[in-house]
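Notes to accompany the following structure.
The values are calculated or read from the model by the stated rules, or taken from the named source; none is laboratory data. This is a predicted model, so every value here is computed, not measured. Neighbour counts run over all protein chains shown; Cβ positions are idealised from the backbone, glycine included.
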Protein chains: 2
Amino acid sequence: MSKCEQCIVREFSSLKALGKDELLKMAECKTSMQVKKGEIIFEEGENVNGVFCIKDGVCKMTKLSQNGKDQIVKLVKKGELLGQRSMISDEPANLSAVALEDMQVCFIPKNEIMGFFNQNNNFSMNVMKTICGDLKEADDILVGLAQKTVRERLAYTLLYLEETFGINPDKSLKLQLSREEIAGMIGTATESCIRLLSELKKENAIELIGKKIIIIDRNKLLRIAN
Amino acid sequence: MSKCEQCIVREFSSLKALGKDELLKMAECKTSMQVKKGEIIFEEGENVNGVFCIKDGVCKMTKLSQNGKDQIVKLVKKGELLGQRSMISDEPANLSAVALEDMQVCFIPKNEIMGFFNQNNNFSMNVMKTICGDLKEADDILVGLAQKTVRERLAYTLLYLEETFGINPDKSLKLQLSREEIAGMIGTATESCIRLLSELKKENAIELIGKKIIIIDRNKLLRIAN
DNA sequence: ATTATAATATGATAATTGTCATATAAATTT
DNA sequence: AAATTTATATGACAATTATCATATTATAAT
């Protein structure tokens, strides 16, 4: 069992407020696990009973809509916690979490985390701020979905992916999503997404090499996204 | 200055966790105010420096998008608090709050509320649960915007308005929104909203009497909304 | 390596939604 | 009460987006 004290990732999450003794306690009750690309961490409707701390990798938070399509609500990466909302509301998960890359995550059971809430005010405050950040983000995405065209949202999403997850040495977006997943982020049909990507390619804003996407003209995308 | 202790509305918000002494302290530093229909309580980008407790009335939380349209993100009614997110994140407001009816609100300054966070764990937990509820709601609306048609969203919104704010003796929706505001909730052009309302009327799902909307066939709307 | 399967791409077309113009009705102002 | 402004309504049309069909390419399985 690895030590939470020495885990660098902890520094990036709400857990940074925890003291040495708390970290030692946590290390004892946590469960480390490997999650392979495509595997489900938890599903919508499931009782999670704790939070997952992402040590490495990226996952998508999705919700299945009546038309059978998965909407991606949020991408979560290394250093962030999963399942906080569900735990605090004491409700089943509202979203599913699915690995987009091979991941390393630690599960910390609910009663452990809830204990920290009572003992450690900084920790509560950190969690609260994170959730407030998520709420702001969700509101902003909501407005974008309501008021922007698919093309605008696509341009914005490409820039977001570059900024948030970076690029490879060949300049392609590091986080490789399928066309279907990109469509699920911007809220459109897969074919529309593919078509608009082709258009952006024709307009020399991006380059498409197989699954890889390379942003050539950042300013053009910015202009399209508004 | 009215007493917070005797304010019934308090019972419906996070503030119900506060004890007598805390309520007395709060009553001393709060500011009561009347807000007329159409007036702005606070605006996007503004520093709020406290929370508003809604004693009576309903307001809309909106965000202006680049195309100049106001998207309504949420409706807030009697018993709820405004400006919590902004206060906790220590950021300017992300949304504007505008009265949809004549309102009575109390302003409680930031330092007072922040004190309660440290002293009273139940209060923190209540606030956290409220924000978690808001986040879930925002995620659900987001998925609806991404995956449902305007017609489906309109049907859903009419049912939501009935359920949340009730109906008048003549069966019309109690909360009277303009067509523009309804359009701002479902994320569409005002003309599209008007046209689809007319369609629903032709299909005998609703009745339109001036600004008033009466739901005739609830099941039909439910079927449309999915 | 070959086959099977899934992902990407594109055309054709239909459906949805937005925009602009204009009419009518309602609310406000003078 | 008349005039002005604003909100609602509807037609005509354009733009956007979804759907279905069908290639083509990439990936996985045998």
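Applying the criterion of being more than 17 Å from the chain's Cα centre (by Cα) and touching a residue at least 24 places away in the same chain (Cβ under 8 Å) to the residues of the range B:148-157, the residue that is farthest from DNA strand C (Cβ to nearest atom) is B:A155. The one condition from (1) more than 11 Å from chain A (Cβ to nearest Cβ); (2) within 16 Å of DNA strand C (Cβ to nearest atom); (3) under 22 Å from B:D140 (Cα atoms) that B:L75 does not meet is (2).
Do we find that A:I88 is under 28 Å from A:A27 (Cβ atoms) and modelled with pLDDT of 95 or more in this structure? Considered against the rule, which asks whether it is under 28 Å from A:A27 (Cβ atoms) and modelled with pLDDT of 95 or more, A:I88 comes out as yes. Selection of the range A:4-29 for residues being of a type outside the set (K, R), over 17 Å from A:K55 (Cβ atoms) and surrounded by 15 or more Cβ atoms within 10 Å (Cβ to Cβ) yields A:A17, A:E22. Selection of first residues in the range B:188-200 that are farther than 19 Å from A:L145 by Cα and of second residues that are in a helix (DSSP H, G or I) and more than 7 Å from DNA strand C (Cβ to nearest atom), restricted to Cβ pairs under 6 Å at least 6 apart or on distinct chains, gives the following pairs, ordered by first then second residue: B:I194/B:R179; B:L196/B:L154. Residues of the range A:170-203 that are more than 23 Å from the chain's Cα centre (by Cα) and more than 14 Å from DNA strand C (Cβ to nearest atom): A:D170 alone. Of the residues making up the range B:186-204, those that are within 14 Å of another protein chain (Cβ to nearest Cβ) and surrounded by 19 or more Cβ atoms within 10 Å (Cβ to Cβ) are B:I186, B:G187, B:T188, B:C193.
Results for (1) at the interface with chain A (Cβ under 9 Å from one of its Cβ atoms); (2) touching a residue at least 40 places away in the same chain (Cβ under 8 Å); (3) of a type outside the set (A, V, I, L, M, F, W, C), shown as yes or no for each residue.
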{"residue": "B:C132", "(1), (2), (3)": "yes, no, no"}
{"residue": "B:A146", "(1), (2), (3)": "yes, no, no"}
{"residue": "B:S178", "(1), (2), (3)": "no, no, yes"}
{"residue": "B:G184", "(1), (2), (3)": "yes, yes, yes"}
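Scanning the range A:168-187 for residues that are assigned to a helix (DSSP H, G or I) and more than 15 Å from B:A146 (Cβ to Cβ) yields a single hit, A:R179. Filtering the range A:51-70 to residues that are among the β-branched types (V, I, T) and more than 20 Å from A:E191 (Cβ to Cβ) leaves A:V51, A:I54, A:V58. Inside the range A:204-226, residues that are more than 8 Å from DNA strand C (Cβ to nearest atom), of a type outside the set (D, E, K, R) and not in a helix (DSSP H, G or I) make up a count of 9.
Per-residue answers, yes or no, for (1) in contact with a strand residue (DSSP E or B) (Cβ under 9 Å, 6 or more places away or on another chain); (2) not polar (S, T, N, Q):
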site: A:L75; (1), (2): yes, yes
site: A:K78; (1), (2): yes, yes
site: A:S89; (1), (2): no, no
site: A:I108; (1), (2): yes, yes
site: A:I131; (1), (2): no, yes
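Being of a type outside the set (S, T, N, Q) and in contact with a strand residue (DSSP E or B) (Cβ under 9 Å, 6 or more places away or on another chain) is the requirement here; does B:L154 meet it?
Values: of a type outside the set (S, T, N, Q): yes; in contact with a strand residue (DSSP E or B) (Cβ under 9 Å, 6 or more places away or on another chain): no.
Criteria not met by B:L154.
Checking each residue of the range A:151-168 against the condition of being within 16 Å of DNA strand D (Cβ to nearest atom), more than 14 Å from chain B (Cβ to nearest Cβ) and acidic (D, E) gives no match. Among the helices (runs of 4 or more DSSP H) confined to the range A:46-157, the ones with at least 3 residues that are crowded, with 20+ Cβ neighbours inside 10 Å are located at A:84-89, A:121-147.
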